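The structure under discussion appears below in the form of structure tokens.
The values are calculated or read from the model by the stated rules, or taken from the named source; none is laboratory data. Model, not experiment: these values are computed from the prediction. Because the Cβ atoms are built from the backbone with ideal geometry, glycine has one as well, and the counts that use them run over all protein chains shown. The area values use the complete protein model at the heavy-atom level, side chains included, leaving out ligands, DNA and RNA. Shrake-Rupley method; radii C 1.70, N 1.55, O 1.52, S 1.80 Å.
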Amino acid sequence: MALVVCFGEMLIDFVPTVGGVTLAQVPAFLKAPGGAPANVAVCISKLGGSSAFIGKVGDDQFGHMLADILKNHNVDNSGMRFDPSARTALSFVTLTAEGERQFLFYRNPSADMLLQKSELDIHLIEKAVIFHYGSISLIEEPCRSTQLAAMDIAKNSGCILSYDPNLRLPLWPSADAARSGIMSVWNQADVIKISDEEVSFLTRTDNPNDEDVVLKRLFHPNLKILLITEGSAGCRYYTKEFKGRVDGIKVKAVDTTGAGDAFVGGVLKCLASDANLYQDEKRLREAVVFANVCAALAVTGRGAIPSLPTIDAVQHALQTEYQV
């Protein structure tokens with residue numbers, strides 16, 4: 001099977017056992033593995049694809065637990081590194097009554113920020129068909145330079161580069177730094193997934209549906225697919241040849257953590273087995289529907305990785321409730 005390599009952070013999300021309260025009011029937390037690139041890797045594997053993760057965790061109980069979780073989900077973790085002098089990152093997540101999230105991060109610095117270029121598994125990257133990454137690793141050195149080096153290796157070996165900025169504004173020094181950092185690698189990606197909120201943030205527009213803004217400022221000449229997710233409302237897609245929209249799937253959201261990662265995992269699973277689907281609108285729409293179902297199922301449980309759907313669950317949903 002075509003390999004998807006995911007690069008970036010893996011951490012522990014502490015998710016409240018009840019929603020609609022502040023961190024101080026939460027009576028207890030559920031420990032859940034997370035980190036967007038790792039979530040994507042696990043999702044692809046649970047969907048029957050082949051994936052690997054490259055990143056750094058602490059040489060502590062949490063770090064080794066995360067490595068074991070990847071292994072138990074059949075994700076190749078040979079590209080993981082363990083730092084004896086830095087801890088695995090932690091994130092405390094608050095949930096509103098609607099399942100939306102707010103984050104409090106513990107990274108001072110955390111191990112994921114300290115991955116060195118010399119620690120990259122170059123052979124693993126060169127085996128990939130798709131190389132997927134986010135923007136959090138671009139915030140601090142040395143991880144920023146390491147990510148840029150990994151992207152160059154992947155591009156030179158013929159990989160499709162997949163980018164989900166996954167904006168976490170509290171981690172950046174400022175909003176302007178976030179915009180600059182995210183856009184610094186924008187034109188290198190072949191596939192980009194962003195949310196409508198991220199469109200507004202990056203373009204400074206109050207109307208993320210303004211197609212002139214999207215096409216002129218976000219769709220760069222070498223981009224194969226631009227996907228703009230709108231939560232439960234659906235997803236817009238843009239290629240050089242066509243554009244359109246696929247309605248979302250309505251479910252009762254328990255925790256939206258990992259929904260975007262489940263969507264990305266669904267898209268990349270399809271793209272890994274059909275690298276030219278962006279040239280056929282029917283096939284691309286089918287991939288987006290598949291990804292929408294992945295995201296919808298992911299929000300019905302607590303935590304990111306624990307709630308990612310299996311291929312059987314997605315196929316059952318497609319055949320019953322979500323026929324299109």
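Numerical summary
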| item | result |
| --- | --- |
| Residue among Gly266, Gly244, Gly258 that alone is within 14 Å of Ala41 (Cα to Cα), in contact with a Phe, Trp or Tyr (Cβ under 9 Å, 6 or more places away or on another chain), open to solvent by less than 50 Å² (accessible area, probe 1.4 Å) and not β-branched (Val, Ile, Thr) | Gly266 |
| Output for the stretch 205-222, where each listed residue is part of a loop (DSSP other than H, G, I, E, B), open to solvent by less than 60 Å² (accessible area, probe 1.4 Å) and not charged (D, E, K, R) | Thr205, Pro208, Leu218, Phe219, His220 |
| Only one of Ser195, Ser174, Ser200 that is free of Cβ contacts under 8 Å to residues at least 24 places away in the same chain and open to solvent by less than 40 Å² (accessible area, probe 1.4 Å) | Ser200 |
| Residue satisfying condition, being touching a residue at least 12 places away in the same chain (Cβ under 8 Å) and either of a type in the set (Phe, Trp, Tyr) or closer than 15 Å to Ile194 by Cα (or both), within set Glu230, Glu286 | Glu230 |
| Residue ID - nearest to the chain's Cα centre (by Cα), chosen from residues in the stretch 265-288 that are at pLDDT 95 or above and in a loop (DSSP other than H, G, I, E, B) | Asp274 |
| Scan of the stretch 223-240 for residues that are out of contact with any helix residue (DSSP H, G or I) (no Cβ under 7 Å at 6 or more places or on another chain) and either outside any strand (DSSP E or B) or open to solvent by 10 Å² or more (accessible area, probe 1.4 Å) (or both), ordered by number | Leu223, Gly231, Ser232, Ala233, Arg236, Lys240 |
| Any chance Val57 is more than 25 Å from Met151 (Cα to Cα), open to solvent by less than 30 Å² (accessible area, probe 1.4 Å) and either in contact with a strand residue (DSSP E or B) (Cβ under 8 Å, 6 or more places away or on another chain) or not polar (S, T, N, Q) (or both) | no |
